[in-house]
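The values are calculated or read from the model by the stated rules, or taken from the named source; none is laboratory data. If you're wondering where the values come from, they're calculated on a predicted model, not measured in any experiment. Cβ atoms come from the backbone with ideal geometry, glycine included; neighbour counts cover every protein chain shown.
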Amino acid sequence: MRSSNLARLRCVGLAIGLGTLAFTACQYDIPVTSAPTRKVQERLLGDWTSADGNEKLKLRSLDDSIYIVYYDGDLFRAYHSDVAETPFATVQDLNSSDRKYAYVIWKLSDDGKNLRLRSVNDKMVPKETRDPATVVALLTKNASNPELFGEEIEFRKEK
């Protein structure tokens, strides 16, 4: 996988979240949660284009709890990892040999046409963190802290 694409993916918010794909990345060795915290949401599935038209994102379901994300020729696995009533997603790079993770928050508009993604800032959750319980504790502690998240990218659902 091209490292620039991975970097963009990881500092977004996803999927999902997704996910989430145009920012510099925070790469983690462990997922937020070891298993999905909810099922795939059908409204997230489909083809998405960034507001500036430069980024393409495809979200598909692998099974009832896992998403496959296709982003600029690269593949990712993603699933919901809700923490502190916040819709986080764990996003794993499937193209690299180290299969690192990104932590992303996502928000889908009420009409299902806009998806906003932001990634977790590694200053708030250090990438050296090696224990999922510590990751969850840090996310919970900082859930209302605006510095927890990086820039936002918005995608529009294609017709």
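Out of the residues in region 52-65 meeting the condition of being buried (at least 16 other Cβ atoms within 10 Å of the Cβ) and of a type in the set (A, V, I, L, M, F, W, C), tell me which one is farthest from residue 80 (Cα to Cα). That would be 57. Looking only at region 99-126, which residues are of a type in the set (D, E, K, R), surrounded by 18 or more Cβ atoms within 10 Å (Cβ to Cβ) and part of a strand (DSSP E or B)? Across region 99-126, the qualifying residues are 116, 118.
Looking at 140, 129, 134, just one residue is part of a helix (DSSP H, G or I), modelled with pLDDT of 90 or more, hydroxyl-bearing (Ser, Thr, Tyr) and over 28 Å from residue 43 (Cβ atoms), and that residue is 134.
Which residue, of 49, 37, is in contact with a Phe, Trp or Tyr (Cβ under 9 Å, 6 or more places away or on another chain), within 22 Å of residue 124 (Cβ to Cβ) and either at pLDDT below 95 or surrounded by 14 or more Cβ atoms within 10 Å (Cβ to Cβ) (or both)?
On the way: 49 fails: within 22 Å of residue 124 (Cβ to Cβ).
Residue meeting the stated conditions: 37.
Looking across region 127-159, the residues that are surrounded by 17 or more Cβ atoms within 10 Å (Cβ to Cβ) and of a type in the set (A, V, I, L, M) come down to 135, 136, 138, 139, 148, 153.
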